[in-house]
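Heads up, the thing below is written out as structure tokens.
The values are calculated or read from the model by the stated rules, or taken from the named source; none is laboratory data. Please read these numbers as outputs of a predicted model, since none were measured by experiment. Here Cβ is always computed from backbone atoms with ideal geometry, including for glycine, and neighbour counts include all displayed protein chains. These area figures cover heavy atoms from the full protein model, side chains too; ligands, DNA and RNA do not enter into them. Shrake-Rupley method; radii C 1.70, N 1.55, O 1.52, S 1.80 Å.
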Amino acid sequence: MHPKSQSLASDRQHSTQNPKSVVVLGAGAWGTTLASLAAANGHRVQVRSRRDGAISPSEIERADVVVSAVSMQGVATVVREIQTLPLLPATIFVTATKGLDPVTTLTPAQIWQAAFPDRSVVVLCGPNLAKEIQQGLPAATVAGSTDDNAAVAVQAVFSSPQFRVYTNSDPLGVELGGTLKNVMAIAAGVCDGLHLGTNAKAALVTRGLTEIIRIGNSWGAKTETFYGLSGLGDLLATCNSPLSRNYQVGYQLAQGKTLSAILAHLEGTAEGVNTTQVLMQRARQQDIYMPITAEVYRLLQAEITPKQALEALMLRDLKSELL
Ligand SMILES: NC(=O)C1=CN([C@@H]2O[C@H](COP(=O)(O)OP(=O)(O)OC[C@H]3O[C@@H](n4cnc5c(N)ncnc54)[C@H](OP(=O)(O)O)[C@@H]3O)[C@@H](O)[C@H]2O)C=CC1
Ligand SMILES: O=C(CO)COP(=O)(O)O
């Protein structure tokens, strides 16, 4: 066995015999769920909500792993705060946020890495509806990093018989899969809200994946990653579950509600609303054809109705599937 593979394998075996100090930033649905998974594996876990006030140096200076599970709008604030605090030399950052920066279009991992260029950043993304995991239902996810050892360490922190964590060396692909599917989840909610049937939904999800791969490749992510858990896997989960907040947004738009009314009553964050805007901005800048995203964008801007969005998609120029 290659020496590196040997050390990775032994890390995997000794996961729960090596308790780590884990700080989770963000006490929302996902932060509290990740905290429970790590605590159930015997790790020392602290969850930090912004309502607790500033993070104290003593909390963070012993952390082996810092998990950021805040929504996109909180990422820059949290990064700035952590930058002022002392850290262990080997502290690993894990980012679980599925969003894009509205100004720079950077992903959360890119923001963390730019702020901490010498540290390992691991993306944690997959088909992980928090409510199902809280009920103890089985799920799988991906720890993506260019640092294999960091990915394996994070795999060990969260893996359990109920939660299977894979590693992947294409963190950008892992992160973009989890982020861009939120746009398609809004579209899938519209599809179900209009009762368009199973054929229509299958077409939407399949062509949605094509769109995600097209822009994901231009970003530098690998095609095969999008066929994995954080891409196709998360796309299937959120496009088919009423538990997904993004799906709920689409479903309610199809029922004629306004976006502001939907968001006012939504339990938690629907990152796809912001992601659609950022994605359109990037697609226009780079001249990338994103027809489903464009219709979701126009729908969220209240420029068209759900029915008009459907007609626009169906009446486009006919073309080859593989173009
Ligand atoms: N719920 C899920 O099933 C999953 C969610 N995700 C992703 O995880 C992220 C969080 O989701 P979720 O927990 O569900 O969302 P929630 O809406 O439940 O919680 C949002 C979290 O973001 C924090 N936050 C928001 N704004 C700020 C800010 N300005 N400064 C600091 N913190 C802020 C909140 O802090 P506070 O705790 O202080 O209120 C809270 O912890 C999202 O990007 C989501 O896409 C990923 C996988 C699964
Ligand atoms: O990303 C998620 C599951 O993997 C959660 O989806 P929503 O943010 O749409 O609820």
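Think of the chain as having a plus end and a minus end, set by charges on the Cβ of Lys, Arg, Asp and Glu; of Thr238, Leu318, Ser58, Thr238 sits farthest toward the positive end of this dipole. Rg over Rh for region 137-238 works out to 1.04, using Cα positions for both radii and the Kirkwood form for Rh.
Give, in nm to one decimal, the length gained when the segment between Ser58 and Met314 is fully stretched (0.36 nm per residue of separation minus the Cα-Cα distance).
This chain segment gains 86.4 nm when fully extended.
Entry comment: accessible area of region 173-314 is 42 Å² per residue, from protein heavy atoms only and a probe of 1.4 Å.
Take each uninterrupted DSSP H stretch in the chain, measure its Cα extent along the helix axis, and return the ones at 20 Å or beyond whose mean Kyte-Doolittle hydropathy is at least -0.5.
171-193, 198-219
Computed on the chain, with alpha-carbon pairs under 8 angstrom and 6+ residues apart, the relative contact order is 15 percent.
Across all C-alpha atoms in region 173-314, the radius of gyration and Dmax reach 13.7, 38 Å.
Magnitude of the charge dipole for the chain, about its Cα centre and with charges confined to Cβ atoms of Lys, Arg (+1) and Asp, Glu (-1), is about 280 debye. Taking 7 Å steps out from each Cα toward its Cβ at Ala90 and Tyr227 produces label points 3.6 nm apart.
About the centre of its Cα atoms, region 64-218 shows a dipole size close to 400 debye [charges on the beta carbon of Lys, Arg (+1) and Asp, Glu (-1) only; nearest 20 debye]. Bridgeable lysines around Lys131 (alpha carbons under 27 Å apart, same-chain partners fewer than 8 residues away excluded): Lys20, Lys98, Lys181, Lys201, Lys257. Modelled spin-label separation between Ser160 and Asp148, with each label point placed 7 Å from Cα along the Cα-to-Cβ direction: 2.9 nm.
Keeping the other protein chains in place, figure out the carbon and sulfur percent of the accessible area of region 173-314, with a 1.4 Å probe. Before the final figure, lay out the partial values.
Values: 3190 of 5900 Å².
Reported share for carbon and sulfur atoms: 54 percent.
Given their separation in residues at 0.36 nm each and the Cα-Cα distance between them, Arg80 and Leu259 gain 61.3 nm when the chain is fully extended. Across region 16-155, the convex hull enclosing all Cα atoms gives 111 Å³ per residue.
Over region 57-110, what percent of the accessible surface lies on carbon and sulfur atoms, probe 1.4 Å?
Values: 1250 of 2160 Å².
For region 57-110, the apolar C and S fraction of the accessible surface comes to 58 percent.
Just to be sure I understand: with springs between alpha-carbon atoms less than 10 Å apart, which residue in Gln83, Gln134, Gln113 has the highest mean-square fluctuation in the Gaussian network model of the chain? Its mean-square fluctuation being the largest, the pick is Gln83.
Taking N as the number of residues in the chain, what is its alpha-carbon radius of gyration divided by 2.2 N^0.38 Å?
Working: Rg = 19.7 Å, N = 323, 2.2 N^0.38 = 19.8 Å.
In units of the globular-protein estimate, the chain measures up at 0.99.
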